[in-house]
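The values are calculated or read from the model by the stated rules, or taken from the named source; none is laboratory data. Quick caveat: nothing in here was measured; it's all calculated off a predicted structure. Cβ: placed from backbone, ideal geometry, glycine included. Neighbour counts: every protein chain shown. Side chains are part of the model used for accessible areas, which takes the heavy atoms of the whole protein and leaves out ligands, DNA and RNA. Shrake-Rupley method; radii C 1.70, N 1.55, O 1.52, S 1.80 Å.
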Amino acid sequence: MSIRARILALVACFALMALVVTGLGLATIADYNRMMKDYGHAYENAWRGERLNHLVSNVVMESRGVYIARNAGEMDSFMTGLKTNLDEIDDLLKVWKADSTPEELQQLQPILNDAQSFMTVRRDLIRLASGGDQKAAETRGVNSRADRIAFQNEVERMVDKLRGKLASAKATADTYNHRRAGEFLITALVGIAIMLGLSLWIVAHFITRPLQDVATAIIKTSKGDYDTPINEPADSEDEVSHVWQALAVLKARAQEAERLAAAQREAELREEMKLREILLD
């Protein structure tokens, strides 16, 4: 494998690590959005429970105003407030019911039934008071007092449960954030350590050390030191191996040139000696 291919493979590893971190980030965002949706849903339910309890208390107070009204004007004012609160309870329960999961709706159903009974009693109270029978309206409301108290107690118990779910949803989100932050940190540190180690190993093993070896061999060969072995990798086809191959050719040609030069000098020396012998004879 060439050095270029090894570097590209290293870049691909960096890209893969980036994809892993990106995937982890996208998964974290999706999970966090889901948790925030659950938290928002729990918050809405808790708010609705508290709002229902508040409206029921308002209805009770308006009903008592009807009982003690001193004239038609005061009674009309209390009945108007009573109707407004009952309508708001009705609207609140419709939205709550539509927004509930099947499991939540099953748990909410007793509250819905009690709320319908409560509103029926209060609308009867309005009907009686509107007909001028203030005493009958008071009797109707007082006789349902035990049911109203039980209803409000049930609402308060449900609100406590909803607050518990809200706290649980928040705790789950906080725990997830801390855990995922740790996972991100560990993943980043491990990934950086691995990639740094891999990069250093590739640079040292396939680039720095081979280039130092071939540079040393070139310097020695240029000085005529042909005893330096040519460490041409047998199973490598990278750029450094090509340099070793070229150096081996240059070394062989230099050795051949020196051999030819030595042979030429020896032949000239023999010719010179022959010429001297002739002259001496």
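Tell me, what is the per residue accessible area of the chain in Å², probe radius 1.4 Å? Working shown, then result.
Working: 17960 Å² over 281 residues.
Value returned for the chain: 64 Å² of accessible area per residue.
For a label point 7 Å from the Cα of Asp31 along Cα→C-beta, name the residues of segment 156-188 whose backbone N is under 14 Å from it.
It comes to 172-187, nothing else.
Tell me which label goes with the value of Rg/Rh (Cα atoms, Kirkwood Rh) computed from the coordinates here: (i) 0.93; (ii) 1.68; (iii) 1.14.
Given (i) 0.93; (ii) 1.68; (iii) 1.14, the calculated one carries the label (ii).
Are there trypsin sites (Lys or Arg not before Pro) in segment 1-91 that DSSP marks as loop and that have at most 12 other Cβ atoms within 10 Å, and which are they?
Details: sites: Arg4, Arg6, Arg34, Lys37, Arg48, Arg51, Arg64, Arg70, Lys83; in loops: Arg70.
Listed in order of number, the matching sites are Arg70.
Mind checking the dipole of the chain: about its Cα centre, +1 per Lys or Arg Cβ, -1 per Asp or Glu Cβ, Debye to the nearest 20?
Details: 35 positive and 40 negative charges, 269 e Å.
With Lys and Arg at +1 and Asp and Glu at -1, about 1300 debye.
Determine which lysines satisfy two conditions relative to Lys165: a Cα distance under 19 Å, and not lying fewer than 8 residues away in the same chain.
Here the lysines satisfying the reach criterion relative to Lys165 are Lys37, Lys97.
In whole percent, how big is the carbon plus sulfur part of the accessible area of segment 105-200, probe 1.4 Å, protein atoms only? Working shown, then result.
On the way: 3420 of 5730 Å².
Roughly 60 percent of what the probe reaches on segment 105-200 is carbon or sulfur.
To the nearest 10 square angstrom, what accessible area does Trp96 show with a 1.4 Å probe?
For Trp96, the solvent-accessible surface is approximately 10 Å².
Under 19 Å between alpha carbons, and skipping anything fewer than 8 positions from Lys223 in its own chain: which lysines qualify?
Once the sequence-local lysines are set aside, what remains near Lys223 is Lys251.
Over the Cα atoms of segment 79-123, Rg to Rh with Kirkwood Rh, two decimal places?
Details: Rg = 11.5 Å, Rh = 11.1 Å.
Expressed as Rg/Rh, it is 1.04.
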